[in-house]
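Colleague: Quick one: structure below, then a few questions.
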Amino acid sequence: MFKSLKKLFTSGQNDKKSSKDEDRGIVSLEFYDELSATHIPKLKDYGISDLDILDTYEKLNGRERDVIWSLYNKLLNSIRHEKIYLLKEIYSDMISMLDEEEKNCNHLVEQLNKLTLKEFERAEIKRVKILSMRDGLCKAAEDLDGQEFSLNNTQKNCPISAGGCKKKHCTCTFIPIT
Ligand SMILES: [Zn+2]
């Protein structure tokens, strides 16, 4: 996908016409590669423009995976903190990207868990319970499985932090006590 974009971009520039997008040959983006086909439409739904994609492509010398990752991070930095639902969606997309690459994603899972706790706070939940997968791989959560904590303490010191998990993708979680 980026190769074809690059070509359009360059040929448009060589014409030395106007700098408007359409004159530079940027008409529509097409997706050939599975990674781009999955993630570029999502990035665009979140508000990333074709020009953002091209600029990042130029900056990163066309390393496609890095372009997508960089755009996700750009989004995380630009979205307001109170938009918890949106942030959670973006983190989930980033996590699924790392899952596909079989990389460790627990630093993002931790951020996602913190956002979930913030949602509980907004819903005036006062206590939470820890739910572990009981597969012997997540000692941090298994030692605390089924135990209840105050939401306040859990937010200050997240007890199922990524550090104590042997899985690449920790699936232990909090459930609200209503
Ligand atoms: Zn875990």
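Colleague: Mean shadow of the stretch 126-177, computed from the convex hull of its alpha carbons, in nm²?
Modeller: In nm², the orientation-averaged hull projection of the stretch 126-177 is 3.2.
Colleague: Which FRET efficiency value, to the nearest 0.05, is calculated for Asp45 and Leu131 with the Förster distance at 22 angstrom and r the Cβ-Cβ distance?
Modeller: For Asp45 and Leu131, the calculated efficiency is 0.10.
Colleague: Something else: With each pseudo-label sitting 7 Å past Cα toward Cβ, what's the Glu82-Ile175 distance in nm, one decimal?
Modeller: Placing both labels 7 Å along Cα→Cβ, they lie 3.2 nm apart.
Colleague: Take Ile84, Ile90 and order them by how many other Cβ atoms sit within 10 Å, fewest up front. Intermediate values should be presented prior to the final figure.
Modeller: Numbers: Ile84 17, Ile90 21.
Going from least to most buried by this count: Ile84, Ile90.
Colleague: With θ taken as phi - 60° and the coefficients 6.51, -1.76 and 1.60, list the Karplus ³J(HN,Hα) couplings across the stretch 33-48 in order, rounded to whole Hz; mark glycine and proline as x.
Modeller: Taking θ as phi minus 60°, the curve returns 8, 5, 4, 5, 4, 7, 9, 4, x, 5, 4, 5, 4, 7, x, 6 Hz for the stretch 33-48.
Colleague: Moving to a separate point now. Go ahead and run the numbers for FRET between Lys166 and Asn61, Cβ-Cβ distance against an R0 of 35 Å, rounding to 0.05.
Modeller: The formula returns an efficiency of 0.45 here.
Colleague: Could you calculate the FRET efficiency of Lys139 with His107 from 1/(1 + (r/R0)^6), where r is the beta carbon distance between them and R0 is 22 Å, rounded to 0.05?
Modeller: 0.80
Values quoted throughout were computed directly from the atomic coordinates according to the rules given, and no laboratory measurement underlies them. Keep in mind that this is a model prediction, so the values were computed, not measured. All Cβ positions, even for glycine, are placed from backbone atoms using ideal geometry, and neighbour counts span all protein chains on display.
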